[in-house]
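**Student:** Structure provided below as structure tokens; questions to follow.
What follows is calculated from the coordinates using simple rules that are stated; it is not laboratory data. Fair warning: this is a prediction, and the values are worked out from it, not measured in the lab. Cβ: placed from backbone, ideal geometry, glycine included. Neighbour counts: every protein chain shown.
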Amino acid sequence: HTVECAEQALEEMLVANRFGGAGSKVLVEDLLEGEEASFLAFCDGERVALMPSSQDHKAIGDGDMGPNTGGMGAYSPAPVLPRSRWEETAELVILPIIRHMKAAGHPFRGVLYAGIMMTEAGPMVLEYNVRFGDPECQPLLMRLDCDLTEVMLACAQGRLDPAMVRWKDDTALCVVMAAQGYPEKYEKGMRIEGIRNSEELPGVKVFQAGTRREDGLVISSGGRVLGVTALAPNLAAAQKLAYQAIERIQFPKSYFRRDIGAKGLGRGV
């Protein structure tokens, strides 16, 4: 947002070697201002089945403060990209990729992910991935109302019918429980309890990412450790349920954002 911030970032990358070889070259781009949205689609090389919009929360701190992470939480649908704009947005950021790759003789089959900034000038692509996003994947799969295996097989075999992909009308929200210190230095080996107790709440699923089993116990083994996800009739209810589920988990030296979904609620949904 400022020249000073840019200079500090360059210093960390090029002088302090913070990212190793990955930071030996930098690309200076325009600052895109707006709200982020994630837009994914199942693809079979020719046809696509659009997934509902979602919104990731990249920054470590509440209010989008602090360094970026792999994602501290997400919810779906995201009102910044409403259903009425999905087809228009797909024509801008999804279908051109599918058409081009087919014409080039390399049809893409799988999940195409477009990370978008919704600016005043329209959607601008921040990144593409050829996989589910994390933590967008968790709320999306909570809303999926059909057999994921059958959908993926249809993509692989080039016979995807968009009508076979169905979604629940409910809202899903995921809050990531991370180890304190992430995305910088953090401890591993913390004992985690209460996951089963948390999942006893109707509509709650705790996805485990940075964990391992040791003597029958669940132990932290990474920076982003748990994705506590709730499915409810609306965003406010999903947010409340997710944080209620977190209260049932005992995870020492953990950290999580307390404002996941606040932007959507600010839009009156």
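**Student:** Using the Cα centre of the range 147-269 as origin and beta-carbon charges of +1 (Lys, Arg) and -1 (Asp, Glu), tell me which of Val204, Pro183, Gly261 is placed farthest towards the positive end of the dipole.
**Tutor:** Looking along the dipole axis, the top candidate is Pro183.
**Student:** Taking neighbour counts of Cβ atoms within 10 Å as a proxy for exposure, in what order, fewest first, do Asp56, Asp145 appear?
**Tutor:** By the 10 Å Cβ count, ascending, the order reads Asp145, Asp56.
**Student:** May I pose another question? Each residue of the range 198-210 in order: what ³J(HN,Hα) in whole Hz does its phi give by Karplus 6.51 cos²θ - 1.76 cosθ + 1.60, θ = phi - 60°, with x for Gly and Pro?
**Tutor:** Computed from phi, the couplings for the range 198-210 are 5, 6, 6, 6, x, x, 10, 9, 9, 7, 9, 10, x Hz.
**Student:** Dipole of the range 32-263, Cα-centred, from +1 at each Lys and Arg C-beta and -1 at each Asp and Glu C-beta, to the nearest 20 debye? Intermediate values should be presented prior to the final figure.
**Tutor:** Values: 26 positive and 30 negative charges, 101 e Å.
In total the dipole reaches around 480 debye.
**Student:** So which of Lys205/Lys253; Lys188/Lys263; Lys240/Lys263; Lys58/Lys185; Lys58/Lys188; Lys185/Lys240 end up more than 20 Å apart by C-alpha?
**Tutor:** Values: Lys205/Lys253 22 Å; Lys188/Lys263 32 Å; Lys240/Lys263 15 Å; Lys58/Lys185 18 Å; Lys58/Lys188 22 Å; Lys185/Lys240 30 Å.
Exceeds cut-off: Lys205/Lys253; Lys188/Lys263; Lys58/Lys188; Lys185/Lys240.
**Student:** Please compute the length gained on full extension between Val15 and Ala59, using 0.36 nm multiplied by the number of residues separating them and subtracting their Cα-Cα distance.
**Tutor:** On the way: separation 44, 0.36 × 44 = 15.84 nm, distance 2.35 nm.
The Val15-Ala59 span can extend by a further 13.5 nm.
**Student:** Determine the gain in length on full extension of the stretch Arg99-Asn68; use 0.36 nm per residue of separation and subtract their C-alpha separation, reporting nm with one decimal.
**Tutor:** Working: separation 31, 0.36 × 31 = 11.16 nm, distance 3.25 nm.
Full-extension gain reported as 7.9 nm.
**Student:** Let me understand the chain better: what is its radius of gyration from the alpha carbons, and its Dmax, in angstrom?
**Tutor:** 19.4, 55
**Student:** Among Met142, Met13, which comes first, second and so on when ranked by fewest other beta-carbon atoms within 10 Å? Working shown, then result.
**Tutor:** Working: Met142 23, Met13 17.
Sorted ascending by nearby Cβ count, the order is Met13, Met142.
**Student:** Along the range 213-230, what does the Karplus equation 6.51 cos²θ - 1.76 cosθ + 1.60 (θ = phi - 60°) give for ³J(HN,Hα), rounded to whole Hz, x for Gly and Pro?
**Tutor:** Listing the rounded values in order: 9, 9, 6, x, 9, 8, 10, 6, 9, x, x, 8, 9, 10, x, 7, 10, 10 Hz.
**Student:** Taking the beta-carbon count within 10 Å as an exposure proxy, list Leu50, Leu201, Leu112 from fewest neighbours to most. Let's see the in-between values first.
**Tutor:** Values: Leu50 19, Leu201 14, Leu112 23.
The most exposed by this proxy come first: Leu201, Leu50, Leu112.
**Student:** To continue, here is another question. Determine ³J(HN,Hα), in whole Hz, for all residues of the range 133-147 in sequence, where each value follows from phi through the Karplus function 6.51 cos²θ - 1.76 cosθ + 1.60 and θ = phi - 60°; x replaces Gly and Pro.
**Tutor:** Once rounded to whole Hz, the list reads x, 10, x, 5, 4, 4, x, 5, 5, 5, 8, 5, 10, 7, 7.
**Student:** Right, here's the next one. Measure out, as a whole number of angstrom, how far apart the alpha-carbon centroids of the range 226-256 and the range 118-160 sit.
**Tutor:** Each part's Cα centre sits 23 Å from the other's.
**Student:** Can you give the relative contact order of the chain as a percent, counting alpha carbon pairs under 8 Å and 6+ residues apart? Provide the component values of the computation, followed by the final result.
**Tutor:** Working: 550 pairs, mean separation 50.9, N = 269.
After rounding, I find 19 percent.
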